[in-house]
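We did not get these values from a lab; they are worked out from the coordinates using the rules stated. In this text the structure is predicted, and so the values were computed from the model without any measurement. For neighbour counting, all protein chains shown are included, and Cβ atoms are generated from backbone atoms with ideal geometry for every residue, glycine included.
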Amino acid sequence: MSEVSVTKDAAPAADALVVLKKVNKHFGALHVLQDIDLTIARGEVVVVIGPSGSGKSTLCRTINRLETTESGSISIDGRPLPQEGRELARLRADVGMVFQSFNLFAHKTVLENVTLGQVKVRRKDRKEAEATARTLLDRVGVGAQADKYPAQLSGGQQQRVAIARALAMDPKVMLFDEPTSALDPEMINEVLEVMQQLARDGMTMVVVTHEMGFARSAANRVVFMADGRIVEEARPDQFFNNPRSDRAKDFLSKILHH
Amino acid sequence: MDVLSDNFAMFREGFIGTVELTALSALLALVLGTAVAAFRVSPVPALRIFGTAWVTLLRNTPLVLLFLAVTLGLPALGLKGWDSFWLAVMALGCYTSAFVCEAVRSGINAVPVGQAEAARSIGMTFGQTLTQIVLPQATRTAIPPIGSLMIALAKNTAIASGFNVTELGSVQKSLNADAGYNIYVIFLWIAVCYIIITFAISGLFRLLENRLAVAR
Ligand SMILES: Nc1ncnc2c1ncn2[C@@H]1O[C@H](COP(=O)(O)OP(=O)(O)OP(=O)(O)O)[C@@H](O)[C@H]1O
Ligand SMILES: [Mg+2]
């Protein structure tokens, strides 16, 4: 195994929003996350890339504790992630998550999908929640679909609704786990554009993606993972033009030649 | 002499008895069964253990034994004064709840995990995730087997006739004891009564199924 020390070229976080320290996790014998240290500053857009099975999704999911960890600490906005129960639920409301497979609530209309969390979790008045939902749906360009069910929408539309649903909670940070990987090519851009806009608006984002164009244009930092470790961290231009580790070079040569 | 017209009041009382017994036991079974299913998928180990024990115990006990346990056991434990109708509701409801629990749980398991993960990721608690997202979607899968369970329950109420409850089974027994009526005719009318009840149940569940199918 070619071990390369972690290189930190990106500017150190002035105002840390998400902090992972020495996080470890196993799936049985598989050590999926190995001593992960990662700090994400407020307003920063971090793209996580790496070969399949390197632990990117797992990393993303530990940040809102959809996956538990065995050791290390994770804190969001200065507060450590609670173990279970209401405290954890409250903290999760501040962390938006967008899934590869959209996961819109299948038995609810688009509008209800975006309203539900506001009413049930944020305890907002229904009228107010619906107004917010409609504004957000317009913002991601699916305002006309508000009364349809998820199954009646295209993949790109569903994913944009999923982004609106997460935004409706007014999150401090948004996690995206390969948000465009399940989409037909012509729908990828409509989702990426929404994400670009979000990044420009100053949202703190962690994005697992294979979209190198997005990484180049929207990311402040690229985190390269392999075999459960963060192998390299760098500014996008630096990473893509001049990767330091052999693993990253190897990975880039594979994906850029296809 | 016609059994039905001669004894119409008795038939009516028995029919109503069976309907009431079925309806109340069904209600208890559905409420308990859903609650125990929630226990079985909850993050609290003690609740999961309780749920598993409940299902294992009740599903594997013959219903007649359960009736005996309730009618003899509860008074022995100091719970006196319950009339036999409510004891029968308890026995039938608890027994059927174990099966309802498993039907609901198979419905829950048929809902993609992403649905619950999405709910948790917007900050919903376990209870909210279950009641708002998972159970409504689980019903679609759970309704047909629950329909069958309710029909089985309607027929199982006949066991209550052995425990001093007035229902169709007890009507049949007392009429059989009355000499002079053709046993087969009695059987026929009792069977017709059960068929009315079981057809009503399957009709109701067919309706529910169709309603849920269009609601998406
Ligand atoms: N629930 C699970 N149980 C057991 N092993 C798992 C589980 N989830 C993931 N794994 C394993 O952990 C490793 C890391 O998985 P993860 O999904 O984080 O990778 P990834 O980097 O997101 O890959 P991909 O690019 O394919 O999405 C893989 O080897 C995977 O098989
Ligand atoms: Mg993944």
Result row for chain A, helices from DSSP H with C-alpha axial extent 24 Å or more and mean Kyte hydropathy at least -1.0, is none
May I ask for the Kirkwood hydrodynamic radius of chain A, worked out over all distinct Cα pairs and given in angstroms to one decimal? 18.8 Å
Suppose every K and R has +1 on its Cβ and every D and E has -1 on its Cβ; what is the size of the dipole of the protein assembly as shown about the Cα centre, in Debye to the nearest 20? 520 debye
Kindly list the residues of region A:21-56 that lie in the label zone of A:D250, defined by a backbone N under 16 Å from the point 7 Å along the Cα-to-C-beta vector. A:50-55
Can you give the local net charge around A:T62? Use residues other than it whose beta-carbon is closer than 14 angstrom to its beta-carbon, Lys and Arg +1, Asp and Glu -1. +2
Before anything else, pin down the relative contact order of chain B: Cα pairs under 8 Å, at least 6 apart, normalised by residue count, whole percent. 28 percent
Starting from the Cα of B:K155, draw a straight line to each of the lysines and keep only those under 30 Å, dropping any in the same chain fewer than 8 residues away. B:K80, B:K173
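On a 29 Å Cα-Cα criterion, which of the cross-link pairs A:K25/A:K108; A:K22/A:K249; A:K56/A:K172; A:K124/A:K148; A:K22/A:K120 come out too long? All intermediate terms of the calculation are to be shown ahead of the outcome.
Details: A:K25/A:K108 35 Å; A:K22/A:K249 25 Å; A:K56/A:K172 20 Å; A:K124/A:K148 23 Å; A:K22/A:K120 34 Å.
Pairs exceeding 29 Å: A:K25/A:K108; A:K22/A:K120.
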Residue order, fewest to most beta carbons within 10 Å, for B:F85, A:F214: B:F85, A:F214
Could you give the DSSP H helices of chain B that reach 20 angstrom or more along their long axis (alpha carbon positions) and whose average Kyte-Doolittle hydropathy is no lower than 1.6? B:183-214
Of the trypsin sites (Lys or Arg not before Pro) in region B:27-117, those whose Cβ has at most 13 other Cβ within 10 Å and which sit in DSSP loop: B:K80
